[in-house]
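The values are calculated or read from the model by the stated rules, or taken from the named source; none is laboratory data. Since we're looking at a predicted model, the values are computed, not measured. Note that we place each Cβ from the backbone using ideal geometry, even for glycine, and neighbour counts take in every protein chain shown.
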Amino acid sequence: MIEEQSATPQEPDTAGSQIDTEVRAEIVEQEEKTPDASMTAERPETVQPAAAPPAPVVAALPLDESEDTMASLLDHPSNALRTLQRGEVIDGIVARIDPDEVLVDIGLKSEGVISGREMDDEVTGELNIGSKVLVYVMQPEGPEGHAILSIRRARMEKSWRVAEELYQEDKVIEAEVIDFNKGGLIVDLGVRGFVPISQIPELRGLSKGQEGEPSEVIDRLAQMKGRVLKLKIIELNRNRNRLILSERLALQEQRSHRKDELLAELQPGQVRRGRVTSLASFGAFVDLGGADGLVHISQLSYSRVNHPSEVLSVGDDVDVYVLSIDPETKKIALSLKKAQPDPWSRVDQKYHVGDLVEGTITKLAKFGAFAKIDDGIEGLIHLSELSENPVENGKDVVSEGQRVTLRVININPTRRRLGLSLRQVEELSPEVKAAMEGGEMPPEADLGDESSWAEESPESSASQA
């Protein structure tokens with residue numbers, strides 16, 4: 001059996017051989033991927049440190065250029081130490097309030113000091129810790145190293161600066177009168193200003209009085225204390241502490257603006273309220289609230305007026321009728337009588353033929369005499385009606401200003417004519433009796449002709465003007 005086996009050659013195991021070959025190949029491959037432990041022990045892995053970032057490249061500067069740059073940095077205003085100057089006005093923050101002083105943070109290494117002498121009720125009431133305050137540098141550094149400050153001087157300095165701006169801009173300002181002297185008024189603008197008497201319009205024309213005598217001007221100045229005036233600065237000199245103001249110029253400017261506005265508003269035929277500002281022989285000036293208009297003497301009344309003072313007084317408030325406006329000359333013509341009812345519009349209701357009336361002789365004429373029986377109503381006493389006897393001149397019977405009893409003998413409201421008689425006071429003529437009973441009016445010949453009436457009648461000439 002044995003011999004047979006040995007004699008018979010064995011066939012190679014092909015499958016097993018292929019498996020071994022594959023296993024060995026996997027082992028070899030695994031060994032190649034995994035280093036031998038002994039080799040690892042002998043040659044430990046070395047960890048390399050992380051590479052440092054590259055250092056910045058700094059361009060080398062020339063020595064002189066580097067020094068100049070450093071000097072410019074040191075000289076820059078933001079790096080300079082702040083210094084104070086006497087007279088400087090700065091803002092600060094209240095840091096502490098003590099009974100005898102106030103410390104103010106002004107941005108330096110030490111606070112500034114406000115003396116307790118300035119701590120009156122007004123100043124103290126405005127200060128709180130942390131509040132902002134305007135201060136004036138009296139002394140940049142005191143004995144203890146603190147800057148000496150003043151609130152009052154700061155306010156005065158600020159007031160002077162405001163006054164300078166107003167002076168340069170030529171503006172109208174308001175200020176209260178705080179005192180007066182014989183030369184004028186003292187006003188408060190934060191600094192004291194002076195208004196001379198010559199610059200106060202309402203004092204014009206008042207008596208200054210002799211030495212030792214009472215003065216109307218001084219009395220009026222005293223009354224103006226406490227009033228607020230509109231003013232303009234006409235002179236400013238800080239070195240001399242001089243501030244002069246004018247009320248007259250301020251009012252002139254204000255009235256000029258108002259006059260332009262008023263001229264644009266006014267229309268002929270309007271009735272406006274005004275105040276009499278002055279009287280002249282030819283009429284009266286009336287302020288309409290910014291512009292003066294003229295009421296000619298012929299427009300003062302329906303009656304004859306010798307002088308405006310017979311009808312008006314300065315300061316009177318009156319209603320006036322606008323006659324005309326001249327935009328070029330800026331003149332305004334006014335009428336006082338046209339703002340009132342025309343007395344002739346109701347004369348035939350108030351008076352009747354045959355009535356007895358009281359009148360005043362106003363003017364003598366070659367054909368008779370004029371008599372005023374009511375405001376704006378004048379009638380003619382013809383020569384033939386002055387007396388039962390023939391009369392050549394009215395002055396032989398009556399005189400101007402004489403009060404007489406007269407009889408109404410004719411009324412013509414359309415022509416604004418009124419016939420009066422002195423001789424018929426006691427006995428009526430048949431014509432007048434007939435008119436009283438409803439008959440025709442007496443002939444108007446008794447009233448004079450058209451031309452003579454127009455020339456002589458004071459009322460008629462005033463109404464036509």
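Could you tell me which of the residues Asp287, Asp260 is acidic (Asp, Glu), over 30 Å from Ala163 (Cα atoms), modelled with pLDDT under 95 and under 21 Å from the mean Cα position of the chain (by Cα)? Don't jump to the end; show me each part of the working.
Numbers: Asp260 fails: over 30 Å from Ala163 (Cα atoms).
Of the residues listed, the single one that is acidic (Asp, Glu), over 30 Å from Ala163 (Cα atoms), modelled with pLDDT under 95 and under 21 Å from the mean Cα position of the chain (by Cα) is Asp287.
When residues of the range 245-274 are filtered for being buried (at least 16 other Cβ atoms within 10 Å of the Cβ) and either part of a strand (DSSP E or B) or basic (Lys, Arg) (or both), how many remain?
7
With in contact with a Lys or Arg (Cβ under 8 Å, 6 or more places away or on another chain), outside the structural domain of Ala333 (by TED's automatic domain parsing) and either in a strand (DSSP E or B) or over 30 Å from Thr329 (Cβ atoms) (or both) as the only criterion, which of Val177, Val195, Val286 stands out? Spell out how you get there, then give the answer.
Numbers: Val195 fails: in contact with a Lys or Arg (Cβ under 8 Å, 6 or more places away or on another chain); Val286 fails: outside the structural domain of Ala333 (by TED's automatic domain parsing).
Answer to the selection: Val177.
Among the residues of the range 174-186, is any within 29 Å of Val137 (Cα to Cα), out of contact with any Cys (no Cβ under 8 Å at 6 or more places or on another chain), surrounded by 17 or more Cβ atoms within 10 Å (Cβ to Cβ) and touching a residue at least 60 places away in the same chain (Cβ under 8 Å)?
yes
Give the number of residues within the range 386-417 that are aliphatic (A, V, I, L, M) and touching a residue at least 60 places away in the same chain (Cβ under 8 Å). So that I can check it myself, show each step before the final result.
Going residue by residue through the range 386-417, those that are aliphatic (A, V, I, L, M) are 386, 391, 397-398, 404, 406, 408-409, 411.
Still in the running and touching a residue at least 60 places away in the same chain (Cβ under 8 Å): 411.
The qualifying residues number 1.
What is the one condition in (1) without any contact (Cβ under 8 Å) to a residue 60 or more places away in the chain; (2) surrounded by 19 or more Cβ atoms within 10 Å (Cβ to Cβ); (3) over 30 Å from Glu392 (Cα atoms) that Ile325 does not satisfy?
Only one criterion in (1) without any contact (Cβ under 8 Å) to a residue 60 or more places away in the chain; (2) surrounded by 19 or more Cβ atoms within 10 Å (Cβ to Cβ); (3) over 30 Å from Glu392 (Cα atoms) is unmet by Ile325, namely (1).
Considering only residues that are under 36 Å from the mean Cα position of the chain (by Cα), at pLDDT 80 or above and not in a strand (DSSP E or B), look in the range 124-147 and name the one that is farthest from Lys158 (Cα to Cα).
The selected residue is Asn128.
If Gly293 satisfies every condition in (1) at pLDDT 90 or above; (2) surrounded by fewer than 16 Cβ atoms within 10 Å (Cβ to Cβ) but one, which is the exception?
(2)
Scanning the range 365-383 for residues that are farther than 12 Å from Leu418 by Cβ and at pLDDT 90 or above, which turns out surrounded by the fewest Cβ atoms within 10 Å (Cβ to Cβ)? Talk me through it step by step, then tell me what you get.
Step one: of the range 365-383, the residues farther than 12 Å from Leu418 by Cβ are 365-369, 375, 383.
Within this subset, residues satisfying the condition of being at pLDDT 90 or above are 368-369, 383.
Details: Gly368: 29, Ala369: 30, Leu383: 21.
The residue in question is Leu383.
Within 53 Å of the chain's Cα centre (by Cα) and modelled with pLDDT of 90 or more, is that true of Asp319?
On the way: within 53 Å of the chain's Cα centre (by Cα): yes; modelled with pLDDT of 90 or more: yes.
For Asp319, the condition - within 53 Å of the chain's Cα centre (by Cα) and modelled with pLDDT of 90 or more - is met.
Please go through the range 340-364 and give me each residue that is within 20 Å of Asn306 (Cα to Cα) and touching a strand residue (DSSP E or B) at 6+ places or on another chain (Cβ under 6 Å), ordered by number.
Result: Pro343, Gly359, Thr360, Ile361, Thr362, Lys363.
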